[in-house]
Amino acid sequence: SDLGLPAVGCRGCEEHVDAWYDPTRGGATKIACGTVGFGCSPCHYGQCAFDISYADGSGFRAALWTDQIALDEIGTLNVTAPVGAIYMKHKGEFEPKAVNGIIGFAYRSIASANESTLFEAWVDGALLANVFAMCLTDHGGRLVLGGTGDEYTMGPFVYTPIIEETYYVVNMTDL
């Protein structure tokens, strides 16, 4: 549920397309260890940080900042949200190798920073509807945030209730 961007000085990070994230340039705010409302494990030189490991052995450690985030070029999804400035990549590879960052869309309950996720910030700020659609195929897929992605479906869109707000846990009865 966290956002991690390879930061200037990251140990073990591969080259990637975009510039390295530099939270000291611009309006980012460092989150100090012990800041109320944030989970800090571990602390990194007095700054709140988090450590994520994945089943394939990849992962990272990141220092926590709040910063303005906009994933679209015109800034319509601009919010202030927690950002993990990756300062050390674990052994193992992100796929593909030259990724520009990693973002999770699950719930705050499993976010390493114990803060609202980027998707929750968009919904709370009324920038997106609290709905998403995902289509996976053998040749890739689509993730549509804030809508149903009708242009990618064949048939009616089906809603299913969330039964646990961690990952998107649903009760499947048929496939």
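Looking only at residues of region 138-148 that are more than 26 Å from residue 16 (Cα to Cα) and over 17 Å from the mean Cα position of the chain (by Cα), we find that the one that is modelled with the lowest pLDDT is 148. Examine region 146-155 for a residue that is small (Gly, Ala, Ser), exposed (fewer than 14 other Cβ atoms within 10 Å of the Cβ) and in a strand (DSSP E or B), and state whether such a residue exists. No, the conditions are met nowhere in region 146-155. Of the residues 85, 63, the single one that is farther than 20 Å from residue 109 by Cα, of a type outside the set (Asp, Glu) and open to solvent by less than 60 Å² (accessible area, probe 1.4 Å) is 85.
Could you tell me whether residue 77 is buried (at least 16 other Cβ atoms within 10 Å of the Cβ) and either at pLDDT 85 or above or not basic (Lys, Arg) (or both)? Yes.
Within region 15-48, which residues are in contact (Cβ under 8 Å) with a residue 24 or more places away in the chain and open to solvent by less than 50 Å² (accessible area, probe 1.4 Å)?
16, 21, 23, 28, 31, 37, 38, 39, 40, 44, 48
Residues of region 106-133 that are within 16 Å of the chain's Cα centre (by Cα), surrounded by fewer than 16 Cβ atoms within 10 Å (Cβ to Cβ) and either of a type in the set (A, V, I, L, M, F, W, C) or over 23 Å from residue 66 (Cα atoms) (or both): 110 alone.
The values are calculated or read from the model by the stated rules, or taken from the named source; none is laboratory data. Treat the numbers as computed from the prediction; the structure is a model and nothing was measured. Note: ideal-geometry Cβ built from the backbone for every residue, glycine included; neighbour counts use all protein chains shown. Accessible surface is based on the protein model in full, side chains and every heavy atom, while ligands, DNA and RNA are left aside. Shrake-Rupley method; radii C 1.70, N 1.55, O 1.52, S 1.80 Å.
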